[in-house]
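Undergrad: Please see the structure below; I have some questions.
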Amino acid sequence: MRLIPSAWASACMYLSRPNGRPSACWTHSISAGAAPNPREHRGARPFEAIPSTGDHGWLNLYHLWKTDGFFNRHQAMTENFNRLGPIYREKLGGKESINIFQPDDIAVLFRSEGLFPKRMLLDSWVAHRDYRNHKCGIFLKNGEVWRSERLVLNKEVISPSAVSKFSPLVEPVVLHFTDFVEQEMAAGRWQTEFNMLPNLFRLSLESSFHLLYGERLGLFAEEVDPSSERFIQAVEEMLQTTIPLLYIPLELAKWLNMKPWRDHVAAWDFLFEHADQCFRQLLLRLQNVPEGKRQYLGIIPELIHQSKLPIDIIKANSVELMVGSVETTAHTLLFTLFELARNPSIQAALRDEVTTAYSQAQGDVCKLMSSVPLLRAAIKETLRLYPIGVTLQRYPAHDIVIQNYHIPAGTMVTAGLYTMGRSPEIFPQPERYNPARWLTSDRNYFQAVNFGFGLRQCIGRRVAETEIGIFLIHILRKFRIVTKSEADLKLFYGFIVMVDDPPLLAFRPIH
C-alpha cells in the first residue's frame, strides 16, 4: 500500500532552512580523513557550476509528489543523470545533495570518508527514539560514539569468525522450509504458480530471529503466533511511511499529527515492544544456563554475555538488524528466484555447482559457502539489477573533486546504485541477468557496493549474504524454480526497491 501525505500542500508551504549546504559544525567530527591534495582543486569548476535540477527546493519537491516521484525515485534519478550528466545537484525541500553514479567517482567518495564516516540519518527514525525515550542503534549514529559501538558489533556480526558461528543456525531453518515445501506439494498444494513473497518473509524472519536470539518462532507450523505476522506488517508500514517523512518537515508532521507520522510511530512502537518481549524471554533463558555449560546461542546472547555494550544499546541494534535483514533477505530471494526461473540455463549451472559443493563440504556450512563462486556472483547480479537500497550517502571529511567539480567537506553526496546497475557504459547488456560477469577481476572496482563500502558498510551484510546463499543452495538442490512470466518486473521505491506486482513462481521436485 502506497502512502501519500494528506497534508502535502501545507508541508510544501512550510519554510525550512533555505540552505541545504552543510554548516561548519558538521565538519568538526569528520575532519580526521586523509588530507586533501590542493593540486587536485586547481582548475576545478566551482560547486555552483554543477548541473542542477533547479534551486527551488520546495517546487522540486511538489513536482516530485505530483509526478508520483516518491515511488519512482530510482527512475527519476536515472532520468536526471541522462539529462544532466554523471553529476548533478538536487534540492528537495530543505535538503541538497550531489548525485553521482560512476564507480570511479564513488571511489573518490570512499577515500574521503575519514575515520568517522558520516551518513545521512533518518530524522523520523531518530524522532521516534526521542519521542519514546529509546536508544538509537549504530544506523542512527555518527562520530566517535558510532565508531566505538560499531567496533564491538563488528566482532559478532560481520567478522569471519562471527559468520562461522552464526551460519550453522541458518541451515536448520532452511531445511525446515524445504521440508515444508515438500509437505505442501505432497498435499496437493503449491502445484501451481503463486506469490511466494509472504513465505519468503516468514523464512527470513525465522532465520534472522534464530541467528540473532538463538530461538525459533515456528513460522512454518500449523498455527503461527500472530505477533510474528504483525512484525512483518509493522516493518512494511514503517518503511512506507518513512518516504513522505524524508521530505515533509518533521516538526510540521508532528504538529499537524499527520497520518504518516501517526502510522510511523505505531509501527516502530510494535517493533520495539516485540524486542522488549524477546529480551525478557532471552534474559530469563540465559539466567538458567550454567556458566560452565555455556555455548554459542546467537548474536544477541553473545553480546549480552560480553557485557561490552549496555542492554538498551544491544536492544536498539537488534531492532535495526531484524528490520534490515528481513526486508533485504526476502526481496533479494524473490528477485533471484524470478531471474533463475526465467533463465533455466543459469539455474542449471548453479544447481551443478551447489550439488558438487554440498557433497564435498560434508556439513561444513562455511566451507560450503566458500565453494560456490557462481552462486555468490548470482547474488551480486541480483543486487545489481534490484538494489535493495536505491542510494547510499556520505559526507566527505575534506574537500574533494568529482568530475572536475569542487565539492566542499560536509556536503551530502549520494551514489545512485540503481542507475549504476542499469548503465550500459558500466555493465554491457545491463538488461541481461548474467552472473558470470562478476567472475572476472575487472568487474569489481566499486561496482558491487549495494551493501555500502568501507567502515560504514551495512552491519548486516554477512547475515543477509549467509541467509540468501544457504537458502539458494538447498532450494536448488531439491527443486526447479519455474515461472510463466517473461516480462520485466515493475519496481517501485518503498524506501527500498520493491516489486509492484510480485511474480508468480512454482517449485518442481528434482527426481
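Derivation of every value follows stated rules applied to the coordinates shown; laboratory data play no part. Here the structure is a predicted model, which is why all the values come from computation and not from measurement. Here the Cβ is made from the backbone with ideal geometry for all residues, glycine too, and neighbour counts use every protein chain on show.
Undergrad: In segment 310-362, how many residues are among the small types (Gly, Ala, Ser) and closer than 21 Å to ARG462 by Cβ?
TA: Count: 7.
Undergrad: Determine whether PRO373 is surrounded by fewer than 19 Cβ atoms within 10 Å (Cβ to Cβ), in contact (Cβ under 8 Å) with a residue 40 or more places away in the chain and more than 29 Å from HIS134 (Cα to Cα).
TA: Here the answer is yes, as PRO373 does meet what is asked.
Undergrad: I'd like to verify a number: residues in segment 167-185 that are in contact with a helix residue (DSSP H, G or I) (Cβ under 9 Å, 6 or more places away or on another chain) and either without any contact (Cβ under 8 Å) to a residue 40 or more places away in the chain or in a loop (DSSP other than H, G, I, E, B) (or both), how many?
TA: 1
Undergrad: Here is a follow-up. Output the qualifying pairs, or none if there are none: Cβ atoms under 6 angstrom, residues six or more apart or on different chains, first residue in segment 287-309 and touching a residue at least 12 places away in the same chain (Cβ under 8 Å) and assigned to a loop (DSSP other than H, G, I, E, B), second residue surrounded by fewer than 19 Cβ atoms within 10 Å (Cβ to Cβ) and charged (D, E, K, R).
TA: Note: pairs meeting the criteria are TYR296/LYS165.
Undergrad: Going through segment 201-217 one residue at a time, which ones are closer than 21 Å to PRO502 by Cα and either free of Cβ contacts under 8 Å to residues at least 24 places away in the same chain or of a type outside the set (D, E, K, R) (or both)?
TA: PHE201, LEU203, SER204, LEU205
Undergrad: So, one more: From PHE451, PHE427, PHE446, grab the single residue that is on the phi > 0 side of the Ramachandran plot and not in a strand (DSSP E or B).
TA: Checking each option against the conditions leaves just PHE446.
Undergrad: If you check ALA275, ALA221, ALA234, which single one turns out to be among the small types (Gly, Ala, Ser) and surrounded by fewer than 19 Cβ atoms within 10 Å (Cβ to Cβ)?
TA: Answer to the selection: ALA221.
Undergrad: Determine the pairs where a residue that is within 21 Å of LEU489 (Cβ to Cβ) and touching a residue at least 12 places away in the same chain (Cβ under 8 Å), located within segment 186-200, has a partner that is of a type in the set (Val, Ile, Thr) and not in a helix (DSSP H, G or I) with Cβ atoms under 8 Å apart, the partner being 6 or more residues away or on another chain.
TA: Close Cβ pairs satisfying both conditions: GLU193/VAL482; GLU193/THR483; LEU197/VAL499.
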